[in-house]
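Undergrad: What follows is a single structure, and I will ask about it in a moment.
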Amino acid sequence: MRIEKLFFHVPYKVLMENTDFISRNLINCEIFFDSTALDACSKEDASLINFTFKKHGLSKTIHGPFMDLNLGSLDSIIREATYDRYDKTLELCRSLNVNIAVFHSSFFPVYYDSYLKRWLEHATEGWLKLLDKARAYGITLMIENSIDKTPRAILELLKRINDKSFKACLDFGHYYIFGEKNGLEHIRQYPKDSIGEVHISDSNGRIDQHLALGKGSLPIRSFFDALDELSIKPVITVEPHCIEDILVSREYLKANGLI
C-alpha cells in the first residue's frame, strides 16, 4: 500500500520550539495538547502555527489531553471536567483550522470491566454532546485505544453513536502491548469503515516505548500489509516520542515503499 495521509505526533511545546525543523522537513503534525498546553496556547501562538503551516503547505490534526480524564467515569465531577477539557480542545481545533481530533477511550479494564454498561452509558452521553459541536465545526472525533485489552468498549461506542463524524483511531502499538491479542488480530474486529486513523510506533513488544519505526521488534510491515488486505486507507500518524526519530521513521516508510 501507499500512505495517502501521513502525520507525525509532535507535542505543542516541542512544536513551538522546533518550527524551523518542522517546516524545513515538511512534516505534517498531529499536535498533542495536554491540559497544560491547552491552557498555555494563546491566540498569538495559534496564529503563528496557522501561518507557518499554511506557508509551507503543511497539514495538522490535534490529539487532545487524556491524563485523569474520562467521559465514562462513574464520578459526575470527573465527567464534567472531562467534558470541559474536550470542549476546549474542539474550540482549539476551530482556531487551528483542524478537522480531526483524537481522544483516548479512557476505558481502563482493571476498573471498568465489571461496570461496562454504566461506563458506556456515561461515555455515550458525553460524546453525543461533544459531537454536536464537532459536526458544526467540521471535525471528526477519533477514539483511540490506550490500555484497552480488547476493542469491546470502543466498538460498542461506535455502534451506539453511529455517526460519520465519530470514528476509531486504532493504535497498533497499544494493542500489541496491552491487548489480549496483538494488533494484527484486533484490527480485524473493527468494521472496515469505522477506522478513520491509525497510530503506529515501534517498541520491544513489552513496553510502550514509542520508538522510531524499524527500531523495535513490532511487525510494522505486516500491519501495513493487513491494512492493504482489508482495503483500509486511514490517516496514518507515526508516534515516536523523540523529534529526531520522525526522520528515521520517514526513511523506514520510504525504504518499504509506503511513501
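Throughout, read-outs are computed from the coordinates displayed, never taken from laboratory work. None of the values given here were measured: they were computed from a predicted structure. Cβ atoms come from the backbone with ideal geometry, glycine included; neighbour counts cover every protein chain shown.
Undergrad: So for the chain, averaging the separation of alpha carbon pairs under 8 Å that are six or more residues apart and normalising by length, what relative contact order in percent results?
TA: Computed value for the chain: 19 percent relative contact order.
Undergrad: Counting only C-alpha contacts under 8 Å and six or more residues apart, can you give the relative contact order of region 140-180 as a whole percent?
TA: So the answer I get is 60 percent.
Undergrad: Here is a follow-up. How fast does region 6-255 diffuse by Stokes-Einstein, in µm²/s, taking the Kirkwood radius from C-alpha pairs at 25 °C and 0.890 mPa s?
TA: On the way: Rh = 18.4 Å.
Roughly 134 µm²/s, to the nearest whole number.
Undergrad: Using a cut-off of 11 Å between beta-carbons, work out the net charge of the residues near ASN28 (Lys and Arg +1, Asp and Glu -1, ASN28 not included).
TA: Result for the neighbourhood of ASN28: +2.
Undergrad: So if I place +1 on the C-beta of Lys and Arg and -1 on the C-beta of Asp and Glu, and nothing else carries charge, what would the dipole magnitude of region 6-255 be about its Cα centre? I want it in debye, nearest 20.
TA: Values: 30 positive and 35 negative charges, 126 e Å.
Around 600 debye, computed over region 6-255.
Undergrad: Find out how many positive minus negative residues lie around ASP228, taking Lys and Arg as positive, Asp and Glu as negative, among other residues whose Cβ is under 13 Å from that of ASP228.
TA: +1
Undergrad: Which pairs, out of LYS43/LYS133; LYS5/LYS55; LYS13/LYS133; LYS88/LYS181, put more than 29 Å between their alpha-carbon atoms?
TA: Long pairs (Cα-Cα over 29 Å): LYS88/LYS181.
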